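Notes to accompany the following structure.
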Amino acid sequence: MNPSDTESSFDVAVIGAGPVGLACALEVQRRGLTAVVLDKGALVNSLVGYPTNMEFFSTPELLEIGGHPMATLHYKPLREDALDYYRRVAFTENLTLRLYERVTGLEGEEGNFTVVTDKGHIKARFVVVATGFYDLPNYLDVPGEDLPHVSHYYKEPYAHAGQDVVIIGAKNSAAKAALQLLRAGARPTLLVRGPDIPESVKYWIRPDLVNRIKEGRIGALFNSSATRIMPGAVEVATPKGPRTLPAQFVYALTGYHPDFSFLAALGITCGTDAAQTPSHDADTLETNRPGLYLAGTVCGGRNTSRWFIENGRYHAQLIAARLAGEPTPALPDVLQPVQLGN
């Protein structure tokens, strides 16, 4: 667990200290190569930002990396279980972590890269980008979205007891937030672009939400969108004309996307498809810049349900084997779209 140096050298630099980034460093290190993991934030920073006591949509063994068992009393682990687990794995494997260190550029070429950070330079033969997507919300681009009572991240409901709260969105995050807010004494209203709560909302969440809407305990406006956010209110376009909803707090839970400007700064091109898929070889995960690889959710671009911990963790084995000159490992048939998180 080395502290940051002004300049150091490794075989592999992994950008992103989430579960997949940790798995990459772990697999590389086990093959006799040296690795460093960099992150502009905390260890598993996205999980730190998840809602309090958030329940994963998966069982423990599907979130494990490096063969380390995830100990939990829950059938589906909570955020706190995962935070403790990944910390323990990182420390047990003695991974070299440089946290709260922002990567600002990448110079050189395969075999002789220089990773430029806000604290120094790191030499690396290869670089792996496992930066995920949770840091950048999909903005509504409406007036008032930057007001202090508006957030794109939901943490917990307790501060909103007795308050009117508008939740923009209708996927799993929004559904769970509305239910928690109701049960913590808030008055939640969902603002949904489509005609109904999507069928993609998890089967044990959707009926609860639909029934609470039918009872009138959770408000819901369908085929509607926010046009302006003001202190204490949200202006909404509905099929029956404009409405104004009271709102002491607003949660715009409209999804997130990778940092495409960061990818471009590293020399990674992105496609012109709707997902803006970063250029990479699906079999090797190498990008258009030789020696620079992608791992995890970032591979899918805006299609953020394409990869998650359950299948993205196997990217680590593919990349590590390639960098160590080993044959491509036989992997479980899990490299397909999944949805596990919030």
Residue tally, condition at pLDDT below 90 and either touching a Cys at 6+ places or on another chain (Cβ under 7 Å) or open to solvent by less than 30 Å² (accessible area, probe 1.4 Å) (or both), over the range 276-305: 0
Selection within the range 35-65 - open to solvent by 40 Å² or more (accessible area, probe 1.4 Å), over 19 Å from Lys155 (Cβ atoms) and assigned to a helix (DSSP H, G or I): Glu61, Leu62
Hits in the range 162-176 (condition: in a loop (DSSP other than H, G, I, E, B) and among the charged types (D, E, K, R)): Lys171
Flag if Thr96 is β-branched (Val, Ile, Thr), at pLDDT below 95 and surrounded by 14 or more Cβ atoms within 10 Å (Cβ to Cβ): no
Any hit, the range 129-137, residues being at pLDDT 95 or above and aromatic (Phe, Trp, Tyr): no
Selection status of Ile168, at pLDDT 95 or above and open to solvent by less than 20 Å² (accessible area, probe 1.4 Å): yes
Number of the exception - Leu263 against (1) closer than 30 Å to Leu181 by Cα; (2) open to solvent by less than 30 Å² (accessible area, probe 1.4 Å); (3) touching a Pro at 6+ places or on another chain (Cβ under 9 Å); (4) touching a residue at least 24 places away in the same chain (Cβ under 8 Å): (1)
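Residue-by-condition table, conditions (1) in a loop (DSSP other than H, G, I, E, B); (2) open to solvent by less than 40 Å² (accessible area, probe 1.4 Å); (3) not β-branched (Val, Ile, Thr):
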residue: Asp146; (1), (2), (3): yes, no, yes
residue: Tyr153; (1), (2), (3): yes, no, yes
residue: Ala159; (1), (2), (3): no, no, yes
residue: Ala178; (1), (2), (3): no, yes, yes
residue: Leu181; (1), (2), (3): no, yes, yes
residue: Pro188; (1), (2), (3): no, yes, yes
residue: Asp196; (1), (2), (3): yes, no, yes
residue: Tyr203; (1), (2), (3): yes, no, yes
residue: Val210; (1), (2), (3): no, yes, no
Identity of the residue in the range 35-65, β-branched (Val, Ile, Thr) and at negative phi, that ends up farthest from the chain's Cα centre (by Cα): Val36
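The values are calculated or read from the model by the stated rules, or taken from the named source; none is laboratory data. Source: prediction; values computed, not measured. Note that each Cβ is placed from the backbone with ideal geometry, even for glycine, and that neighbours are counted across all protein chains shown. Please note that ligands, DNA and RNA were not included when accessible areas were found on the heavy atoms of the full protein model with its side chains. Shrake-Rupley method; radii C 1.70, N 1.55, O 1.52, S 1.80 Å.
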